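Asker: The structure's right below; bear with me while I get my questions together.
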């Protein structure tokens with residue numbers, strides 16, 4: 001399966017945001033999760049459905065609300081009076097690709113129920129562990145505009161997302177094309193799969209074998225390290241962030257049909273991988289600093305390896 005064909009297939013249905021499609025595919029092949037932060041109606045749900053149907057993966061949706069319970073997400077055990085035994089009832093998380101819609105609408109306790117699933121690909125209910133289907137990916141959405149009734153995601157949660165992406169509004173030409181697709185009935189629910197789950201697993205294995213030189217590994221480590229030294233950030237990027245940056249760089253190289261990582265691959269994904277893991281100090285916010293600008297300036301400072 002050529003990854004370029006998959007990307008083009010998705011772009012036929014998810015119009016106008018090729019870079020977003022590319023980054024979502026990077027996260028899928030790198031074994032990561034995506035946090036989509038954007039205004040309503042720009043296609044977050046369509047993107048998740050387009051991905052799931054294109055790769056023939058089981059799709060599930062969790063609509064988070066303040067009264068959503070952890071058991072709704074990871075499942076619960078129910079007593080069977082006929083057999084006299086407890087049986088596991090699956091929760092909404094038992095799908096290959098999950099749309100966690102408005103994840104910041106639910107309580108911190110329910111948010112935390114996803115931590116084990118996102119990190120280890122399994123859930124533990126009443127002391128028993130249940131494996132999640134593979135591949136497993138969470139595409140979570142949150143609205144940056146409406147703050148009433150929301151709970152900010154804790155650092156432990158945001159750190160488990162490989163990338164934070166924003167779709168934004170399409171330009172005029174793209175929006176007309178979107179209207180044309182709508183009128184022609186070309187919608188996400190009618191997408192035909194272009195590859196199988198087995199193909200995705202094979203591509204993930206191939207991504208893990210993409211070569212990184214010692215120079216590129218050091219380059220990645222220095223990018224992460226400089227965020228820890230920056231006094232305008234409350235906390236620097238974690239070791240998990242470094243590993244995410246490594247794998248995302250490998251996946252980017254794979255999308256470029258290369259079997260080795262270049263510094264350009266690292267720079268292409270660094271901002272999306274690191275941005276949501278960093279927060280400004282109160283002093284920096286008062287001075288009008290912006291995480292993106294600070295981070296981009298720091299990345300530029302790091303010496304690019306020759307090989």
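Asker: Would a scan of the stretch 137-150 turn up a residue that is exposed (fewer than 13 other Cβ atoms within 10 Å of the Cβ) and closer than 22 Å to residue 14 by Cα?
Answerer: The answer is yes, given that some residue of the stretch 137-150 is exposed (fewer than 13 other Cβ atoms within 10 Å of the Cβ) and closer than 22 Å to residue 14 by Cα.
Asker: Look at residue 235 and say whether it is exposed (fewer than 15 other Cβ atoms within 10 Å of the Cβ), under 19 Å from residue 161 (Cβ atoms), touching a residue at least 24 places away in the same chain (Cβ under 8 Å) and not assigned by TED's automatic domain parsing to the domain that holds residue 53.
Answerer: Against the criterion (exposed (fewer than 15 other Cβ atoms within 10 Å of the Cβ), under 19 Å from residue 161 (Cβ atoms), touching a residue at least 24 places away in the same chain (Cβ under 8 Å) and not assigned by TED's automatic domain parsing to the domain that holds residue 53), residue 235 qualifies.
Asker: I'm trying to understand the selection: among the residues of the stretch 231-252, which are touching a helix residue (DSSP H, G or I) at 6+ places or on another chain (Cβ under 8 Å) and in a loop (DSSP other than H, G, I, E, B)?
Answerer: Of everything in the stretch 231-252, those that are touching a helix residue (DSSP H, G or I) at 6+ places or on another chain (Cβ under 8 Å) and in a loop (DSSP other than H, G, I, E, B) turn out to be 232, 235, 236, 237, 238.
Asker: Which one of these is at pLDDT below 95, in a helix (DSSP H, G or I) and in contact with a helix residue (DSSP H, G or I) (Cβ under 6 Å, 6 or more places away or on another chain): 269, 299?
Answerer: That would be 299, the only listed residue that is at pLDDT below 95, in a helix (DSSP H, G or I) and in contact with a helix residue (DSSP H, G or I) (Cβ under 6 Å, 6 or more places away or on another chain).
Yes or no, residue by residue, for (1) touching a strand residue (DSSP E or B) at 6+ places or on another chain (Cβ under 7 Å); (2) surrounded by 16 or more Cβ atoms within 10 Å (Cβ to Cβ); (3) more than 27 Å from residue 29 (Cβ to Cβ):
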residue	(1), (2), (3)
260	yes, no, no
265	no, yes, no
268	no, yes, no
274	no, yes, no
277	no, yes, no
282	no, no, yes
288	no, no, yes
300	no, no, yes
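Asker: Just to be sure, is residue 31 under 20 Å from residue 253 (Cα atoms) and surrounded by fewer than 24 Cβ atoms within 10 Å (Cβ to Cβ)?
Answerer: Taking the combined requirement at face value, the residue satisfies it.
Asker: Working only within the stretch 1-33, note down all residues that are under 21 Å from residue 198 (Cβ atoms) and in a loop (DSSP other than H, G, I, E, B).
Answerer: Passing the criteria: 1, 2, 30, 31, 32.
Asker: Right, next: Please pick out the residue among 99, 47, 51 that is in a strand (DSSP E or B) and either without any contact (Cβ under 8 Å) to a residue 40 or more places away in the chain or on the phi < 0 side of the Ramachandran plot (or both). Reasoning before the result, please.
Answerer: On the way: 47 fails: in a strand (DSSP E or B); 51 fails: in a strand (DSSP E or B).
The conditions single out 99.
Asker: Which is more than 21 Å from the chain's Cα centre (by Cα) and outside the structural domain of residue 252 (by TED's automatic domain parsing), of 174, 222?
Answerer: Matching residue, one of 174, 222: 174.
Let's see how each residue does on (1) surrounded by 20 or more Cβ atoms within 10 Å (Cβ to Cβ); (2) under 25 Å from residue 248 (Cβ atoms); (3) touching a strand residue (DSSP E or B) at 6+ places or on another chain (Cβ under 8 Å):
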position: 62; (1), (2), (3): yes, yes, yes
position: 92; (1), (2), (3): no, no, yes
position: 99; (1), (2), (3): yes, yes, yes
position: 119; (1), (2), (3): no, yes, no
position: 156; (1), (2), (3): no, yes, no
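Asker: Where residues in the stretch 11-21 are touching a helix residue (DSSP H, G or I) at 6+ places or on another chain (Cβ under 6 Å) and crowded, with 18+ Cβ neighbours inside 10 Å, which of them is nearest to residue 250 (Cα to Cα)?
Answerer: Here the answer is 21.
Asker: If I filter the stretch 54-71 down to residues being outside any loop (DSSP other than H, G, I, E, B) and either touching a helix residue (DSSP H, G or I) at 6+ places or on another chain (Cβ under 7 Å) or not assigned by TED's automatic domain parsing to the domain that holds residue 181 (or both), which single residue comes out as farthest from residue 101 (Cα to Cα)?
Answerer: Step by step, filter the stretch 54-71, then rank; the result is 54.
Asker: Something else: Got at least one residue in the stretch 35-45 being at pLDDT 90 or above, more than 15 Å from residue 142 (Cβ to Cβ) and touching a strand residue (DSSP E or B) at 6+ places or on another chain (Cβ under 7 Å)?
Answerer: The answer is no, given that none of the residues of the stretch 35-45 is at pLDDT 90 or above, more than 15 Å from residue 142 (Cβ to Cβ) and touching a strand residue (DSSP E or B) at 6+ places or on another chain (Cβ under 7 Å).
Asker: Might you let me know whether the stretch 117-129 holds any residue that is assigned by TED's automatic domain parsing to the domain that holds residue 164, within 24 Å of residue 196 (Cβ to Cβ), free of Cβ contacts under 8 Å to residues at least 60 places away in the same chain and within 15 Å of the chain's Cα centre (by Cα)?
Answerer: Yes, the stretch 117-129 contains a residue that is assigned by TED's automatic domain parsing to the domain that holds residue 164, within 24 Å of residue 196 (Cβ to Cβ), free of Cβ contacts under 8 Å to residues at least 60 places away in the same chain and within 15 Å of the chain's Cα centre (by Cα).
The values are calculated or read from the model by the stated rules, or taken from the named source; none is laboratory data. Since the structure is predicted, the reported quantities are computational estimates derived from the model, not experimental observations. Counting neighbours? That spans all protein chains shown, and the Cβs are built from the backbone with ideal geometry, glycine included.
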